[in-house]
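The values are calculated or read from the model by the stated rules, or taken from the named source; none is laboratory data. Please read these numbers as outputs of a predicted model, since none were measured by experiment. Don't worry about glycine lacking a Cβ; one is built from the backbone with ideal geometry, like all the others, and counts go over all protein chains shown.
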Amino acid sequence: MKPPIGRGAAQRAVAPVHVVGAASTRFLPEHDAMLDELVFEAVYKALRECGLRKQDLGLSVLASMDVLDGRSISSGLTNSAAGGYLGDSFRVEGDAGLAIVCAAQAIASGDVEVAVAVGVYNPERSGGAATRRAFVEQVSNLGFEPHFDRPIAMTANASYALQAGYGLVDRTVADYATLAADEISRGGGLERSLRRFAATQDDVLASVPIAWPLHELMLPAYSTGAVAIVLASPARAGRCLGRDARLTGLGHATGGYTWPGEWLTDPGATSRRAARMALAQAAVSPDQIELAEISAPTPALHRPYVDALGVGGETTINASGGLRSNFPGLANGALRLLEVVDLLSVRPRGTTAVSHSVDTETGIVSEDVTLLVAEAI
Amino acid sequence: MTTTANTETAAPTQAVHWDLHYDIHLGETWSQFMEGLRQKKILATGCSSCVRVFVPPQAYCESCFEPTDGWRELPHEGTLEVFTVAWHGFTGGPQAPYAIGAIRLDGASTLLMHWVVGVDFTPGADVREQLPFGTRVRAVWAEERTGQILDIAHFEPVG
Amino acid sequence: MAYRAAVAGVGLTEATSPRKQTRSTIELCQQAVQATLAHSGASPDSIDAIVTGNIDGFEGTVLGAKHVTRLLGIGADLPVTIVNTGGTTGGNLMQVAARMVRSGTHRRVLVLGGPTFFGSTDLQSAINTNSPMIIEQPLGMGGYHMGAFAASAYQERYGLTADDLAAVAVADHAKASRNPFAHLRYEMTPEEVLAGRPLSSPLTQPMVCPISTSAVAMLVADPEDVADLATTPALIKAMGMSADPYLGGGKGDFSRMQNLANLARRVYALADIRDPLGEFDAVEIFAPYAHMQPMQLEALGFAPPGGGIDLIRSGATDAGGTLPTNMSGGPKCTNAGVAGELAPYAYAALQVMGDAPASIQIPGARRSLGHGTGGSFFQFENLAIFESLARSN
């Protein structure tokens with residue numbers, strides 16, 4: 001019998017791709033820098049780390065969004081800073097996790113030996129946290145369908161609040177607060193955290209209410225900056241310096257829009273599809289995953305995502321404090337992988353980890369998820 | 001032409017207006033350039049690895065992929081390599097006609113784009129007749145300077 | 001493991017002006033997707049991802065693909081990759097899709113280019129927002145103003161005349177008049193082109209592209225995996241992209257397309273092209289302004305510097321010539337944004353599949369070249385070479 005074609009078909013073998021460089025700018029509430037300066041700093045440091053040069057790059061993939069960057073085709077500004085001058089380069093409008101997937105595909109194709117993926121996030125709006133949050137929410141509103149959803153003020157936070165409220169059937173707001181407090185406290189002593197303090201359930205519940213039932217400290221710790229990941233073929237990685245980890249699974253999935261309602265009834269569904277794809281490529285089962293970085297924009301999504309990935313038990317989840325400690329917007333997918341490869345560098349060969357990231361432009365609606373499977377070498 | 005406006009069917013539309021305000025972060029490099037303009041200085045950066053000189057300044061050289069170093073002041077004169085006359089502008093843009101030129105300041109590796117004067121805007125005239133490509137031009141400074149590219153009002157032919 | 005990628009289906013909608021268009025963006029996209037499925041014979045559930053492009057400031061939506069791609073009738077939760085590289089988005093979509101298939105992460109990827117210019121009330125004003133902020137944007141440059149720099153510099157260096165520019169526009173209109181999917185399907189005389197409204201010297205309105213609305217889609221698949229399909233796939237033999245610096249002033253020389261020339265050498269080497277003029281049966285290049293076509297023909301190695309216009313005037317680039325170029329009429333006669341940028345790849349693939357509209361098909365075409373360019377001052381270039389792939393079964 002012929003094997004089925006398309007969505008029912010078995011995952012084909014995908015060649016592994018190595019992570020040889022990973023670096024970031026500092027993470028600040030707001031950077032006083034042109035976007036290209038941030039991109040250059042991250043890419044320059046990541047290339048230096050592995051002893052490679054711009055001339056070694058076969059592809060540069062950027063992740064950013066015009067409407068946050070304050071100009072159409074903003075990649076025109078940032079492209080050269082990503083090493084794209086006179087080379088192959090493009091920009092995805094979405095999370096950096098997707099840029100990493102695209103860059104890795106080029107290497108797995110056999111088309112290039114070295115590629116860089118870089119995410120940059122510094123919304124071009126000043127005026128304090130409240131102003132900047134209002135701006136990001138305004139942009140989110142423009143991401144919703146213009147005739148039906150935009151007029152009723154749908155935004156990312158509104159969708160997250162709706163899901164969190166819907167999820168209160170078997171959990172309480174206090175449960176959300178406890179989980180948020182735990183993550184903030186876990187990351188509180190780490191250098192990359194934006195929330196350098198310990199928090200209690202009461203602190204979270206006493207923080208500014210954003211949209212019922214969500215409070216400020218339940219939301220991601222928004223930061224700005226750029227994160228770059230340098231990838232290489234196994235052969236080329238052998239001649240690089242510094243860090244080395246292997247990507248064996250590249251998962252990507254996008255959820256439905258508001259109409260089907262899956263974002264309320266089964267918010268982990270999109271992550272589950274991304275995980276199925278990545279784990280099939282890597283030929284690993286969830287119980288082999290020892291480390292996980294999971295990007296839950298609210299505590300209400302943490303459990304659905306964890307269940308979707310099938311991790312738990314012995315798995316160390318979000319040692320970094322996750323999004324409650326640092327969320328550099330569209331650069332998040334690269335930061336999560338940076339956290340994972342940092343952790344893997346001190347683990348035994350063969351240790352398996354996953355890096356999960358989501359885009360938050362329209363919240364849980366049409367959610368875009370990437371899942372990378374990484375292995376210590 | 002096969003159609004005219006009055007035979008066209010108007011499709012139903014809904015007006016949608018965006019009202020987004022931006023504060024573009026200038027960063028260190030362009031902040032310094034803008035401050036220079038305020039003081040009637042045209043500042044450039046040079047690559048730390050090759051001999052390229054960038055104006056407007058860049059924080060890095062895209063070819064060597066190395067940071068730039070060493071600010072330098074460039075002369076206010078250069079060569080007008082090419083220009084176009086915008087006969088027709090756009091909503092919110094300058095009043096047409098206007099001439100936009102690409103000027104290679106003496107000592108620069110890149111071209112600086114700016115307005116040039118001295119073009120014959122008479123309809124039907126050869127716009128290059130009065131202002132041939134290759135003409136030497138110099139910056140004319142605005143009276144009031146606030147740290148923006150139009151602190152240079154325009155470039156005019158030398159002599 | 002690595003795999004090959006081919007175009008296995010193409011769908012185009014008819015094109016018209018934004019004012020006369022009665023379909024919405026979503027309806028145009030649906031129509032292009034349905035046409036692609038019908039052409040390829042692929043069932044909707046055999047598609048495992050979508051790659052599409054949005055240019056937000058032009059479209060009145062932010063990441064419009066987030067809802068548009070949910071309504072295409074091929075599944076409401078397909079993975080979507082949204083690419084935006086300005087005017088090269090269209091060509092880059094196919095290259096991203098090809099890499100997905102070539103890596104093995106996906107088998108069949110739908111590429112969708114929508115009507116990006118649909119809705120903006122003054123497109124030149126929107127294009128001005130991609131002019132380098134702070135430094136060059138205040139000078140007042142829309143798309144054709146930026147284009148006019150190259151036209152002026154090329155004219156100065158190689159003596160291209162207004163009559164030459166008119167000849168290019170006349171040839172494009174003659175070709176578009178034969179293409180049922182073109183927007184401006186009428187012929188023009190050189191006198192009409194020269195008498196058009198001056199826009200930005202030396203360009204007149206008939207020398208620049210219209211603002212069109214249409215959608216273009218294609219199916220990228222593994223050519224080993226096409227037993228259920230109806231077409232002769234177009235193998236994506238070689239592809240590549242190249243980028244100039246950001247500032248218009250960083251290009252150094254507006255009279256030559258050095259970035260494209262660099263890219264052409266690289267992509268030709270991948271496909272073992274030794275004699276460009278003799279080895280392509282059809283060429284589709286993104287030349288929305290009249291001066292670009294001769295300059296691109298030179299950068300692509302089809303003519304010596306300054307010789308592009310001679311090649312065009314010789315008839316070589318017409319149907320029946322040695323290098324049939326832009327049989328579609330090109331973007332000079334149809335330009336719907338991302339759809340318009342994907343169109344050169346779509347037509348180039350259709351030529352070697354043998355499935356171009358009969359009135360523009362080059363008989364027996366086996367190898368073709370597709371090209372895209374865009375961004376501020378045409379910062380980005382992309383190329384792809386397609387070859388007819390005989391079915392193994």
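If you go through region A:346-357 and keep only what is within 14 Å of the chain's Cα centre (by Cα) and either assigned by TED's automatic domain parsing to the domain that holds residue A:16 or more than 14 Å from residue A:292 (Cα to Cα) (or both), you end up with nothing. In region C:5-21, the count of residues that are within 12 Å of chain A (Cβ to nearest Cβ) and part of a loop (DSSP other than H, G, I, E, B) is one or more. Would you confirm whether or not region B:72-83 contains a residue that is at pLDDT below 95 and of a type outside the set (A, V, I, L, M)? There is at least one residue in region B:72-83 that is at pLDDT below 95 and of a type outside the set (A, V, I, L, M).
There is at least one residue in region C:45-59 that is touching a helix residue (DSSP H, G or I) at 6+ places or on another chain (Cβ under 6 Å), more than 22 Å from residue A:255 (Cα to Cα) and not in a loop (DSSP other than H, G, I, E, B). Taking region B:59-159 and the strands (runs of 3 or more DSSP E) fully enclosed by it, the elements with 3 or more residues that are touching a Gly at 6+ places or on another chain (Cβ under 7 Å) are at B:66-74, B:77-86, B:98-105, B:112-115, B:152-157. Looking across region B:116-145 at every residue that is more than 17 Å from the chain's Cα centre (by Cα) and more than 28 Å from residue C:198 (Cα to Cα), the one that is farthest from the other protein chains (Cβ to nearest Cβ) is identified as B:143.
Per-residue answers, yes or no, for (1) more than 7 Å from every other protein chain (Cβ to nearest Cβ); (2) of a type outside the set (A, V, I, L, M):
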site: C:129; (1), (2): no, yes
site: C:139; (1), (2): no, no
site: C:144; (1), (2): yes, yes
site: C:147; (1), (2): yes, yes
site: C:160; (1), (2): yes, no
site: C:165; (1), (2): yes, no
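Residues that are of a type in the set (A, V, I, L, M), touching a Cys at 6+ places or on another chain (Cβ under 6 Å) and either not in a loop (DSSP other than H, G, I, E, B) or not assigned by TED's automatic domain parsing to the domain that holds residue A:50 (or both): does region A:220-230 have at least one? Yes, region A:220-230 has at least one match. Screening region A:10-93 for strands (runs of 3 or more DSSP E) wholly inside it with 2 or more residues that are closer than 28 Å to residue C:64 by Cβ, at pLDDT 95 or above and within 19 Å of the chain's Cα centre (by Cα) returns the ranges A:59-63, A:89-92. Once region A:110-131 is narrowed to residues that are surrounded by fewer than 18 Cβ atoms within 10 Å (Cβ to Cβ) and within 11 Å of another protein chain (Cβ to nearest Cβ), the residue that is modelled with the highest pLDDT is A:110. Is it the case, given these coordinates, that residue A:157 is within 12 Å of chain B (Cβ to nearest Cβ) and among the polar types (S, T, N, Q)? So residue A:157 fails the test.
You will find that of C:69, C:105, the residue that is within 26 Å of residue C:5 (Cα to Cα), more than 19 Å from the chain's Cα centre (by Cα) and part of a loop (DSSP other than H, G, I, E, B) is C:105 and no other.
Against the definition (touching a residue at least 40 places away in the same chain (Cβ under 8 Å) and either within 14 Å of chain C (Cβ to nearest Cβ) or under 13 Å from residue A:249 (Cα atoms) (or both)), how does residue A:278 come out, yes or no? Criteria met by residue A:278.
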